[in-house]
Amino acid sequence: MSHHSEDDEDDYMSTKFLETAQEFESKRQESYSEKRKRQLREQQEKAYIKPRAQLEAEEREKGLQKSIEQSNKGMKMLMKMGFKQGQGLGSSKGGSSSGIAEPIQVDLKLGRSGIGMDSEMRKREREQEEEELRKRVHIDPEEFRNQMASKAKDAQLVRYVNAAVSICEKLDEENQVESNILWTLKPPPPPTVTSTEPEDVEQSQQQQLEKEKEEAENKEQEEAEPTYSPEEVDALKSLPLDDQLAKLVDYLRETYFYCFWCRAKYADQADLDENCPGTSEEDH
């Protein structure tokens, strides 16, 4: 009895369960909210107007998918000359033609560039991708790490040199030193970004006037005082950043008993030698 009842049970993998669910869904009455949502969705679908470009693209695609009908005037002319649908164009050799059997596909051009420019641009992009891939493949990871470490070290040295020059200028001015060739190691200030705001424009104009005044004073000072020869300045600036920083550090230590790495000024040479760990960054 129990064995017979198990055989009569429906297979849960059959489509009967899905058909029953669909039948139940069709007979079930919609709630007000479900009915309202359905109506709104249908209204939106009816009210939606496709853009003109989309309609043109759909019609064009639909027309290209259709084969040329016998009612077409051009097809009628071809058929009068012995052409049959499915046959290739041109003279037939051995019962078959080597010509095309379908019209040339339309390649729609949407951009404003000249004829052939699209293929040229694709060629350039492909060459650029190949060049970048070639560079990535040939770069040694160890060499890349060394390059990045060298760049970081140079950037750090530039910051150290700028800071040392600023300290040198400050201490020289406090001690009435009027010129020092080490001041030339300071790089020029970065260009200022102009703004269109009235307050910023006024402030920029004020800064420009102050800059011009400062340049005029410096020019008068240079004319009144002996300047360093361009050869000397170029020779100093051509030194590696390590050597430039070493000259600045040694000058501060020997002249003002100031340690750049300690950021401190000592009383005299004996105080500097006794309390300063050393002359290099590693000593500190």
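Across the protein chains, with a 1.4 Å probe defining accessible surface, the residues Arg159, Arg60 rank Arg159, Arg60 from largest area downward. For the set Met121, Met75, the ranking by accessible area, highest first and with no ligand, DNA or RNA atoms included, is Met121, Met75 under a 1.4 Å probe.
Using only the Cα atoms of region 20-76, build the gyration tensor, take square roots of its eigenvalues as a ≥ b ≥ c, and label the shape rounded, prolate or oblate: rounded if a/c is under 1.5, else prolate if a/b is larger than b/c, else oblate. Don't skip to the answer; put the middle values down first.
Numbers: a/c = 5.38, a/b = 2.22, b/c = 2.42.
Cα axes put region 20-76 in the oblate bin.
Pairs over the 20 Å Cα-Cα cut-off, from the set Lys62/Lys84; Lys153/Lys237; Lys186/Lys265: Lys62/Lys84; Lys186/Lys265.
The values are calculated or read from the model by the stated rules, or taken from the named source; none is laboratory data. Since we're looking at a predicted model, the values are computed, not measured. With ligands, DNA and RNA removed, areas are computed over all heavy atoms of the protein, side chains included. Shrake-Rupley method; radii C 1.70, N 1.55, O 1.52, S 1.80 Å.
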